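Note sheet for the following structure.
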Amino acid sequence: MTVIFKLKTCARLICVIVAITSLLTYFRSKNTNTKYVLHVSTGNEMISFVYPEKKNTTYITNSHINYNYPKLQDFVQMFQSRYTSKNSIFAVKSNESYNVFLKRLSLFTKKGQMLVKETEILKNTTASRFFRGINQQRLYDPNDEELLQDLLQDMATLPIASAVESDVKGTQFKVTLTFVDGTRARVKLMRIPKEVESTVDMHPGQEFERHFAEIAGYHVDKILGFNRVIPTVGRLFNITTDLKTLLSNETLVEHVYRSPAGNLCFAVYCKQLCGRDYPFCGRPDVIEGAVTVELISGEKYKRYDLKNEYTRIYKKRPWMADQNTCMDFVTNHTSRHRSRMPLDQLDLSLYDFLIGNGDRHSYQMFNDLGTESFPFIYDNGRSFRYSYFDEPIGLVPIQQCCEIRLSTLAKLVKLYSGPDSLSQLMRSSMISDPVSPVLLEPQLQALDRRLGKIIKAVSDCVSSGKPWDDIVIDDGII
């Protein structure tokens, strides 16, 4: 079934999104075997709302069963023969679950220097326990599952003492929460439903960030074992009570009103996509948000930005014109001339490819952890914009450099081979989130497709004749 609305302004589009979503939900409840597609025309743009068929789905594991690329199985077998026969920690065993495999790898990870010294006194909060675990290799210990669960639970349920506009840099509106125990967190409120996908021609600077992308981005990073994305969880906010200190700020909040659908909405002043044309709306008074714990601050914990060489095509970039960009990046950028940085860059690029983010401008690092520490990721709001298109920028570094970290490739091969696929692990990981389902099925399936494309890029490098050990590099980083 297809429904078409024609709207003259984006403002009208935003105002009717909730009503449209409710309409489609009603239709689906009447006929569970129909796929509903709603096309909304704003004159220059057509945006699609897709409600796929409801099915009694039995999920097939192994990414390669869902997305199999020609000759890729030969490459996987080549990987397995190289490392399984040597009893390597990177051996991919068909009868071993991915979580067991990942835990086995994590036992060989060295922590290195800790960010917070033992003599430093912090508050007795879950967030403080999290800060004490930040070390030279990662933001948190993935095996400390109790701490991670406690932290996410606090972010989703702790009473809110205040809510104010965030001072974190960026173009779109964010909220800073202070909980009753003093812990602070950053929030991105829902601007657009999960069912709404972008179009490939839309400039990302002119569209809403997606709150659910922050949540899903954290889970992808955790499953990959990078542990470089700040823990993020969904939360349901009552606009009247939870955000009352925010709404009381008359210099920030432009307008509070009830929409024709009876939903409570408010408009704020900010740099981009704000004002009465772009309100925040609850259903009817409750709005979803993604809550990210705010990292420890102070003179001892300063961070600095690290520019991403492979950023989006806003203008002509060096890597677009010169296929030797990787070599220039490794040898000529003195600020990055350190042993692990090139492979860190490649790790983060393939991560962005998986989540569909072509808008990564920079990463961050802690000053006190030195140049041999890890870069961590923040701001994934422009990810998961579409499920039908794979943002090509994330693959360019791997294609141009023909290098990948051994531990990273081992994880990808394991996910591709099974018994667990990335999409299945994501379903399991996010199922208990307060705003579940975080991702819809097309986005989950896209993860498996993109994972296969990354392995294919590495396989193409091997087929080019470059020696295996020059492509697959064991630098000791797990």
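The values are calculated or read from the model by the stated rules, or taken from the named source; none is laboratory data. No experiment lies behind these values; they were computed from the predicted model shown. Cβ: placed from backbone, ideal geometry, glycine included. Neighbour counts: every protein chain shown. We work out accessible area using only protein heavy atoms, side chains counted, and drop any ligands, DNA or RNA first. Shrake-Rupley method; radii C 1.70, N 1.55, O 1.52, S 1.80 Å.
Here are a few things to note about the model shown:
- Of the residues 111, 466, 71, 174, the one with the largest accessible area comes first in the ranking 71, 111, 466, 174, computed with a 1.4 Å probe on protein heavy atoms.
- Net dipole in debye of the range 357-413 [+1 Lys, Arg Cβ; -1 Asp, Glu Cβ; about Cα centre; nearest 20]: 160
- Residue (of 400, 361, 384) at the positive-pole extreme of the range 343-407, dipole from beta-carbon charges: 384
- Summed residue charge, Cβ within 12 Å of residue 434's Cβ, Lys/Arg positive, Asp/Glu negative: -1
- Prolate/oblate/rounded call for the range 344-411, Cα gyration tensor, a/c under 1.5 rounded: oblate
- With K and R counted +1 and D and E -1, the other residues having a Cβ less than 9 Å from that of residue 353 yield a net charge of -1.
- Mean Cβ count within 10 Å, highest first, over the residues of peptides 389-396, 82-89: 389-396, 82-89
- Around residue 100: net Lys/Arg minus Asp/Glu count, Cβ-Cβ under 12 Å: +2
- Links that overshoot a 20 Å alpha carbon limit, given the list 117/300; 71/222; 86/414; 103/123; 411/456: 71/222; 103/123
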